[in-house]
Structure formats: structure tokens, C-alpha cells
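Engineer: I'd like to ask you about the structure that follows.
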Amino acid sequence: MTSALISAIRRLHIAVTPQIRVYSSNVAATTSAGSNSLSITKKEWAFQPQYTKPREVWIENLDTIEEQKLGLFELHPSVYAAPPRLDIINQNVVWQRKIRFVSWAHTKTRAEVRGGGKKPWPQKGTGRARHGSIRSPLWRGGGIAHGPRSGKSHFFMLPFHVRIHGLTTTLSSKLAQDDLHIVKDLELPTDEPEFLAELVEKRNWGPSVLIVDDTDYAPRNITAATDSLAHINIMPVYGLNVYSMLKHDTLVLTLSAAEKIEERLLHWLHADTRAQSREYKVNQV
Amino acid sequence: MGSRQITEKSLSMLRSLPRISLGNIRDNPNCKKNPKRGRAQHGGDKHGAGNKGSGQRQNFMRLGYETGNNPFYLRVPQEHYYRGQHLRREYPPLSLHQLQNMIDKDRLDVNQPIDIASIVRSGIYNFFPDLKQFGVNLTDEGADIFVAKVNIEVQWASEQVIAAIEKNGGVITTAYYDPHSLLLLKNPKKFFESGQAIPRRMIPPPDAIEFYTSAKTRGYLADPEEISKERLKLSQKYGYSLPNIEKESNYEMLCEKKDPRQIFYGLEPGWVVNLKDECILKPKDQELLQFYNS
């Protein structure tokens, strides 16, 4: 209850100033707030941000229930501060829903309904309407005209760049709404789910949390703790997708995962993808 | 106010809005056209097909039919301008201006010999060997501003182009590649990944032999002595002094030429390039060596 109230109050607060880089003078002020040694990372990217400033985020910890700020970390604005395009997010979600959906709805045609081979009454002379089969779609208990046939695939591919921008715009809106947290690693002091649940409750991370790590094996404690918590899930970087990010309230990235995502997305944002996008080109001659 | 402010403002607006989730996203309004046609009182009138006739029934006459007249396309006798066009070799053009542009933008390295593989790799020029396109036709557009000193190998070049390149102390060769070799040159990585041995380059077809053996067109099968004579002749014809490339520091590079059977610089026919282990496998069998050297 309290967490819901706090988050509601937090949302009411309207941020007027855009999120810009915190300079070192501000960092000195935050140092007194808690931890004794802050690591401040200034990064050199292969593709430097040109017109926008890098986003700065706190590196948090997972080994205590109270949040400790371990350092500051820079995120590339092309990936973590992209324009929040709801339409691109929606296209990605629709694509993820449809790509694996096969409709098994099925109806029988007049040929498949049992019976109906004999002409019910002569064509002429009875005074009744002419009919050739008791299973015609006009009849009660007859076949269905143009009904659904099973095994209809809804597969389609979203263009490559729409998929890439879907990831950047979702990550950006998560960060802009304070729903993206960076943690140093996934080491927990205990494997009890209560600890993790309390941590999430205390830090106001919303009920459902998606934890993303660089590797596809996580430390034992966190796997054991999340095993019985259905609303807290772990995922490797290569599994990151728009649907899961939206399904969970909060996205927690490890430091290495955040860097890996940034590196891969920056690569594809600047790569020559004509070969990949050729098959989606319309009006080909 | 630039577009950067718009992104910043929309992101800061998001902070005060409810959390984006699966329940509150939507596509842009009116971005999808309704695939169904109207069925109501007036929506279902004519569905845009007009009133009666061919608009509704699609019973158009066949194209060119003039209701019994001798149609236009039969009234004029045929003239076969394009007979055999589908069999002719095509050389998609690349101008000297474009070449200079590529060099200035560092898309081509002038310290290495330039061939069609490096031109395609620049990303500006493309061609399709399966559409009977046989490589680069270097055209003289921008010949007066061309200043680079290059060793270039193209498939077709005019006299003005040869003069423009040799005036700057460069070297030009016209070389024939068969369509299969061109496919390899267009995308070498794809070929090397297939794990096949590099084939031999085929000799030109009969109607191209004259061009590629002529020293005037700097053919790759021409006599080198004849070529040096022709270089001098051309400089006198166009009125420039021929730079002495033998004294250049990169004389070795300028003289580098492919063997008539060779496709890639530095790789011989018969070799297999293993990209995974980063090594080259060379044939040792006498029969194979004889085959690839013939």
C-alpha cells in the first residue's frame, strides 16, 4: 500500500528541467550521502554522441536491502535517450505477439459437415424454395461459409530498424520514467526469496522486475531466490525484448549488461544494413 | 528550438506520465487503412467503382486493340534497333568525378592498386554480373578535375580517361573478367565462406579479344613495350609531359598487375582461403598445379 502511495506521489512530481549530465561538483555533494568510495566513469564510445549529452545513472547494489550508490555511470544518449516513440513500441509488441501466433480456430464447410448428399426435395413443383443440400450455409446445422480454418499463421517480420529503434525507445522511456536501474552485479547475501521481495518493496521497484545480465548463467543465490517469485525474472542480454521490458514494471540491468546492450545497439545503429533491409524494401524493380 | 530539445522535453514529460506498459500503448491514430469496404446505407453504394460499364465490370479491351482498326503498333513497320541487345555486354559507368570523390572521402585507398573489388567495397558503385554487366566503364566526366595518382584496373575506358589518369602519373589497365569471377570480386567474403578453391579467370570472348589485347586501350593482354610506346604517343596527342613513374617512391605499387588467370590481388587460382582459421590452403598435387597454371 505505502509503496503504491509513494510511487503515485513520485509520479505527480513534474520534472521541468531536462535530464542533463551531472557535473563533478554535484557528484561531490552526493558523496556525503552514503557510500565512502564512488566510482565515476566517463566513457569513450566508438560513436561519440554529437548533439546530446550522455545520461548519468547511479550504480546501485543488490547485497543490502537499503540502496547504496556505488558510483556514477554514463549511458549513450542514442540508446538510452532516444525519442520515446509509442508507435514504434506498439509495432514491436504487436509483432512479438503475432510472430509466434497460430490461430487454431476451425469451422467445417458444407462439404465437411456430415450428410447433405441428397437433394432434400425436387427442384420444381413443391412450392418450396429450391435447395440442393441440407448442409448449405443457409441451413441451420449447415456448413460455415468463409469461416476460420485452423493453422493460420500470423507470422511477419518487422523491418530491421524498427526492431532496433523499438529497443532504444523502450530503454529510453524506461530510463526517463525512473524504471531502469543499473546494479553492479547480481550477488545476493542469501538465497531466500523474502530478501529479494523485501528489497524490491523497499526500493519501490514495483511488483514485477526484469533482471538482465550479460551472461546466461546467474549466481546461485539470485536464481534460487527468483525461482519461487513469479514476478521477478532473470534474462540474458540476447533475450532482451520490448514485450518483456513493458510487461515488467522495473528493468534492472547489470553494469556489463548495460554496456553490452549499448555496444550492440550502437553497432547496429551505425552499421551498413542495406543487405538486411533489402528484402523489406517496397517497390522493388 | 532544435529537435534535441523535443527529445529532451518529451522524455521529461514522460516522467510525470503513467508508466508505459502493455496496456497503454497504441499506434499512431489513422495510420492503418481499413481493409474492409463500407456496407451501410451510403458507404456501400458503388465502392468507388462508378456507375455501370467497364469501371464496374473490368471488361477492358486488350491493350492496343482499336475495335477492328489496324492497330497503331502494327501500322508502323518494325525496326530492330535492339536486336541482340540481351546478349551484349554491359559496363555500368563510373565517372572520374565519382572516382575522385571516393578517393577524397577516403573510401578508396590510393596506396593500393584499385580493382573492381575495392570499387564495389567503397559502397558507391554496384553492378550485377547476372544481368550481363561486366564491370566498370570509367567515363571522362570530371576528367579536368581528376588529380589522383592511382594504379587502377577497370573493364572499359575511353582514350580521354586513359589520358586523364596517365597525365597525373597513374597507371590504368583494362581487364576482362568472366561473370563468375565478377561474382567473386563483388562479394569475396561470401565466396571464401563457401570454402571453395579460387577458380581461374577465363579468357575474353572472341569479340572482346581485340579490345583487351590492344595497347591503345591498355588491355591486360597487350605487350608492355607497346603500351609504353602508346603512353608516349597519347601524351603527345593530348599535349602533356608524361611523368616518369620509374622514379616514384611507390613505383612497385604502380607496376603491380594481376596475372591474366588471377582474380584477386595476392591470391592465386587454386588456393582456398579459410576465414575461420585465418589461413590459406595451397594445392600441392602436380595435376592440380598444372590445371591451375594452364
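Coordinate-derived values only; no laboratory data. Because the structure is a prediction, the values reported are computed rather than measured. Here Cβ is always computed from backbone atoms with ideal geometry, including for glycine, and neighbour counts include all displayed protein chains.
Engineer: How much of the DSSP beta bridge set in the protein assembly as shown is antiparallel, as a percent to the nearest 5? Walk me through the intermediate numbers first.
Structural biologist: Numbers: 11 of 40 bridges.
Just about 30 percent of them are antiparallel.
Engineer: Right, another one. Search the structure for amide H atoms under 5 Å from the amide H of B:Asn137, placed 1.01 Å from N in the peptide plane, and list their residues when 5 or more places away or on another chain.
Structural biologist: Distant-sequence amide H within range of B:Asn137: B:Leu94.
Engineer: Moving on to the next point. Ranked by Cβ crowding within 10 angstrom, fewest neighbours first, how are B:Thr213, A:Thr126, A:Thr250 ordered? Working shown, then result.
Structural biologist: On the way: B:Thr213 15, A:Thr126 10, A:Thr250 23.
With the fewest neighbours first, B:Thr213, A:Thr126, A:Thr250 line up as A:Thr126, B:Thr213, A:Thr250.
Engineer: With a cut-off of at most 14 other beta carbons within 10 Å, and DSSP calling the residue loop, which chymotrypsin sites (Phe, Trp or Tyr not before Pro) in the range B:203-261 qualify? Please list them. Write out the running numbers ahead of the final one.
Structural biologist: Values: sites: B:Phe211, B:Tyr212, B:Tyr220, B:Tyr238, B:Tyr240, B:Tyr251; in loops: B:Tyr220, B:Tyr240.
Of the chymotrypsin sites (Phe, Trp or Tyr not before Pro), the ones in loops of the range B:203-261 whose Cβ has at most 14 other Cβ atoms within 10 Å are B:Tyr240.
Engineer: Go through the range A:164-260 and name the GluC sites (Glu not before Pro) that are in a DSSP coil and have 15 or fewer other Cβ atoms within 10 Å of their Cβ. Kindly include the intermediate steps, with their values, before the conclusion.
Structural biologist: Details: sites: A:Glu187, A:Glu194, A:Glu198, A:Glu201, A:Glu259; in loops: A:Glu187.
The qualifying sites are A:Glu187.
Engineer: Let me ask something additional. What span do the alpha-carbon atoms of chain B cover on each of the three principal axes, reported in whole Å from largest to smallest?
Structural biologist: 88, 74, 52
Engineer: Please return the longest range in chain B lying between exposed loop sites, taking GluC sites (Glu not before Pro), DSSP loop only, at most 12 other beta-carbon atoms within 10 Å, and leaving the sites out. Intermediate results must be reported in sequence, preceding the final value.
Structural biologist: On the way: sites that count: B:Glu66, B:Glu79, B:Glu278.
By the stated rule (loop sites, at most 12 other Cβ atoms within 10 Å), B:80-277.
Engineer: Additional query: Over the protein assembly as shown, with a single point scatterer placed on each C-alpha, what log10 of the ratio I(q)/I(0) does the Debye formula yield at q = 0.08 1/Å?
Structural biologist: -0.93
Engineer: For a quick check: sort B:His42, A:His165 by the number of other beta carbons within 10 angstrom, fewest at the front. Kindly include the intermediate steps, with their values, before the conclusion.
Structural biologist: Working: B:His42 7, A:His165 21.
By the 10 Å Cβ count, ascending, the order reads B:His42, A:His165.
Engineer: I've got another one for you. Can you grab the distance from the C-alpha centre of the range A:35-62 to the C-alpha centre of the range A:197-262, Å, no decimals?
Structural biologist: First find each Cα centre; the distance between them is then 21 Å.
Engineer: Hey, another quick one. For the range A:98-146, state which trypsin sites (Lys or Arg not before Pro) are in a DSSP loop and have at most 14 other beta carbons lying within 10 Å of their beta carbon. Write out the running numbers ahead of the final one.
Structural biologist: On the way: sites: A:Lys98, A:Arg100, A:Lys108, A:Arg110, A:Arg114, A:Lys118, A:Lys124, A:Arg128, A:Arg130, A:Arg135, A:Arg140; in loops: A:Arg100, A:Lys108, A:Arg110, A:Arg114, A:Lys118, A:Lys124, A:Arg128, A:Arg130, A:Arg135, A:Arg140.
Of the trypsin sites (Lys or Arg not before Pro), the ones in loops of the range A:98-146 whose Cβ has at most 14 other Cβ atoms within 10 Å are A:Arg100, A:Lys108, A:Arg114, A:Lys118, A:Lys124, A:Arg128, A:Arg130, A:Arg140.
Engineer: To the nearest Å, what is the center-to-center distance of the range A:82-155 and the range A:177-191, using C-alpha atoms only?
Structural biologist: Cα centroid to Cα centroid, the span is 50 Å.
Engineer: What's the exposure ranking of B:Lys284, A:Lys43, going from fewest to most Cβ atoms within 10 Å?
Structural biologist: Details: B:Lys284 7, A:Lys43 12.
Listed from fewest to most nearby Cβ atoms, that is B:Lys284, A:Lys43.
Engineer: Using modelled backbone amide H atoms (1.01 Å from N, in-plane), which distant-in-sequence or interchain residues come within less than 5 Å of B:Val171's amide H?
Structural biologist: Amide H to amide H, under 5 Å and 5 or more residues apart or across chains, B:Val171 pairs with B:Val150, B:Asn151, B:Ile152.
Engineer: Which values of log₁₀ I(q)/I(0), to two decimal places, follow from the Debye formula for the range A:106-153 at q = 0.19, 0.22, 0.31 Å⁻¹ with a uniform point scatterer at every Cα?
Structural biologist: -0.63, -0.75, -1.11
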